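Below: the structure, in structure tokens.
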């Protein structure tokens, strides 16, 4: 995907949530996330569309979206970035792999319901603040 294609995907989709996975196909975190997205794609096709963007081939968004992690998932609706309160302090993006299909479906549904009501920030159905325990 080139920058123009990424822009078009975000700008032209009027009805569905656009899920953008930024990262590398060879990265282990991205591989896990890609598998989850692939497994749920059929179930969410009526209200979401998934795009995979290699940040080496299309570096244009790295600075704009602060893509410093190996794998980043962001949501857009009608050309608007939809933020998600995940309990982590970073509402802009998901920077880890979600392996559970239903968990990801619930998250995408929450984003869709909130975004279609005009909300720019939705609260995740799951709190990820305790995800990393030391």
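The values are calculated or read from the model by the stated rules, or taken from the named source; none is laboratory data. Because the structure is a prediction, the values reported are computed rather than measured. In this analysis, Cβ positions are derived from the backbone assuming ideal geometry, glycine residues included, and neighbour counts consider all displayed protein chains.
Before moving on, here are some points about what is shown:
- Count of segment 74-94 residues, restricted to those that are farther than 21 Å from residue 14 by Cβ and within 9 Å of the chain's Cα centre (by Cα), is 2.
- Only one of 82, 10 that is in contact (Cβ under 8 Å) with a residue 24 or more places away in the chain and over 21 Å from residue 126 (Cβ atoms): 10
Residues checked against (1) modelled with pLDDT of 95 or more; (2) farther than 16 Å from residue 73 by Cα:
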site	(1), (2)
3	no, yes
7	no, no
18	yes, no
23	yes, no
30	yes, no
37	yes, no
47	yes, yes
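- Hits in segment 71-87 (condition: surrounded by 18 or more Cβ atoms within 10 Å (Cβ to Cβ) and either closer than 17 Å to residue 130 by Cβ or in contact with a helix residue (DSSP H, G or I) (Cβ under 6 Å, 6 or more places away or on another chain) (or both)): 71, 75, 76, 77, 82, 84, 86
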